[in-house]
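Beneath this line is the structure, given in structure tokens, with notes to follow.
No lab work stands behind these numbers, since they all come straight from the coordinates. Since the model is a prediction, treat every value here as computed from it, not as a measurement. Here the Cβ positions follow ideal geometry from the backbone for every residue, glycine too, while neighbour counts run over all protein chains shown.
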Amino acid sequence: MRDPRRVAILISGRGSNMKALVEQADGYEVVLVASNKPLAPGLEWARGEGLPTWTWDSKGVDKEEFDRLLSEALDDHEVGTVALAGFMRILSPWFVEQWRARIVNIHPSLLPKYQGLDTHARALAAGDPISGCSVHLVTEELDAGEVLGSAEVSIEPGDTAEILEQRVLAAEHQLYPKVLSEFVDR
Ligand code: GRF
């Protein structure tokens, strides 16, 4: 039986959401930070915090082969919940099946709007008055699993995609730890 309160965070880059999840951990414990990019800046921060890390360069590695290595590392650390935080790799159907209903992700839009990339530019181009972020379950379909929680952010006149990204990111850092706490408890 996997304990859902034992969380692994998967990153590929700076890891600002990872940092928020670690710093605001409530009802869960971050037992591993894993990355498919050995040089991801977020890994350095995690090491500095004394958190266990795992990394394997996914470049040129078969998708399922990588996912099997990752899954092994998660089991080695007795992980129960997998939290994606800027993990820029689509997980294989094999991995999703292994970790069914135990993988969550944060996405910078009010899902089901703007699945995929360039969410801020698309919200601006559409003339939307609000944007936001969503935490959702990960399924085989990209950004389409059950929405566990979301937060709205206003779009202001003169906003660029970069300005909006910063405003949404601040909301992500509040939303993700809160929704993860509720999720591991349900
Ligand atoms: C965030 O915008 C998140 O919503 C998306 O990827 C970005 C990751 O940023 N999934 P960070 O690495 O957490 O700073």
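The modelled label-to-label distance between Leu142 and Lys63, using points 7 Å beyond Cα along the C-beta direction, is 1.0 nm. The trypsin sites (Lys or Arg not before Pro) of the stretch 98-173 meeting both criteria, a DSSP state outside H, G, I, E and B (loop) and at most 12 other C-beta atoms within 10 angstrom of the site's C-beta, are Arg100.
For the chain, adding -39500 (n - 2.57) for each run of n ≥ 4 DSSP H residues and dividing by the number of residues yields -11000 deg cm²/dmol at 222 nm. Applying both filters, DSSP loop and at most 14 other Cβ atoms within 10 Å, to the GluC sites (Glu not before Pro) of the stretch 67-120 gives Glu78. In order along the stretch 132-148, phi translates into HN-Hα couplings of x, 9, 9, 9, 9, 6, 8, 10, 5, 8, 4, 6, 10, x, 3, 7, 8 Hz, rounded to whole numbers, per the Karplus curve 6.51 cos²θ - 1.76 cosθ + 1.60 with θ = phi - 60° and x for Gly and Pro. Counting only alpha carbon atoms, the long axis of helix 161-185 and the longest principal axis of the chain meet at about 50°. Between Ala101 and Gln24, the C-beta separation translates, for a Förster distance of 30 Å, into a calculated FRET efficiency of about 0.85. Amide H contacts of Val33: Ile9, Thr53, Trp54, each under 5 Å away and 5 or more positions distant or on a separate chain (H built 1.01 Å from N in the peptide plane; Pro and chain starts excluded).
The calculated FRET efficiency for Lys113 paired with Arg89, based on their beta-carbon distance and R0 = 25 Å, is about 0.60. With the convex hull of the Cα atoms taken as the outline of the stretch 1-157, the averaged projected area works out to 9.7 nm². Annotation: the antiparallel percentage among DSSP beta bridges lying fully within the chain is about 40. Phi-derived couplings, Karplus 6.51 cos²θ - 1.76 cosθ + 1.60 at θ = phi - 60°, listed residue by residue for the stretch 15-32: x, 5, 5, 4, 4, 4, 5, 6, 5, 10, 4, 8, x, 9, 10, 7, 9, 7 Hz, with x used for Gly and Pro.
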